[in-house]
Structures are given as C-alpha cells and as structure tokens.
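Asker: Just dropping this structure here.
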Amino acid sequence: MSQLLAQAAELMLIGMSSVLLFLLLLIAAMKLLKTLFPYFPDQPQRPTASAIPSRAMIAAVTAAVHQHHHAVTKEQSHD
C-alpha cells in the first residue's frame, strides 16, 4: 500500500513539475514575443478624413435601416 502511495506522489510531482515548467516557458515566450513585436504603437494614430463618414453616408445608412425596419414590421404584421 505504501509503495502505491509513493508511486502516486512521484507521478503527482512529475506531472505538476511538467505543468509548472510548461507555464513558465509559455510566460517567457509571451514576454519575448511582446518585446520583439509590440502590438500598440508608441503614439496613437488619429483617424483620417476618409474614415469619418460624410453626412450623405449617414443619411443613406439611416434611410436603409428605416426601410428595412419598415419592411420587417410590415412582414410581421401579416403573420
């Protein structure tokens, strides 16, 4: 019985050690990738003029949404 407990403890230590080692390597790899490939630039970029929608574009989208909503409401009232 004590031999089984000793084997269980040994397997538990090996398993937990391997998981800890894997997690430490994963953290180290993530930190290395973060330093090699920074995701965010140092200065924030402002949107360009083409990224800001014009009044005509806003009006067109609003009309399309209104038309779709009207069509869906009409369809549901017929059901």
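Asker: Karplus couplings for region 15-21 from phi (6.51 cos²θ - 1.76 cosθ + 1.60, θ = phi - 60°), rounded to Hz, Gly and Pro as x?
Answerer: Karplus-based 3J(HN,Hα) across region 15-21 equals x, 5, 5, 5, 5, 4, 4 Hz.
Asker: Can you match P(r) over Cα pairs in 10 Å bins from 0, in percent to one of these, (1) 13, 14, 13, 13, 14, 15, 11, 6, 0; (2) 20, 58, 21, 1; (3) 19, 44, 22, 13, 3, based on a calculation from the structure here?
Answerer: Correct label, based on the coordinates given: (1).
Asker: How much area per residue is accessible in the chain when the probe is 1.4 Å and only protein heavy atoms are counted (Å²)?
Answerer: Per-residue value: 103 Å².
Asker: Continuing with this model, one more query. For the chain, which whole percent of the accessible surface, found with a 1.4 angstrom probe, sits on carbon and sulfur atoms?
Answerer: That share works out to 70 percent.
Asker: Follow-up. Using only DSSP helix segments of four residues or longer, with each worth -39500 (n - 2.57), what per-residue ellipticity at 222 nm results for the chain after dividing by its residue count and rounding to 500?
Answerer: -27000 deg cm²/dmol
The values are calculated or read from the model by the stated rules, or taken from the named source; none is laboratory data. It should be emphasised that the depicted structure is a prediction, and the values quoted were computed from it without experimental measurement. In case anyone asks, the SASA skips ligands and DNA or RNA and just uses the protein heavy atoms, side chains included. Shrake-Rupley method; radii C 1.70, N 1.55, O 1.52, S 1.80 Å.
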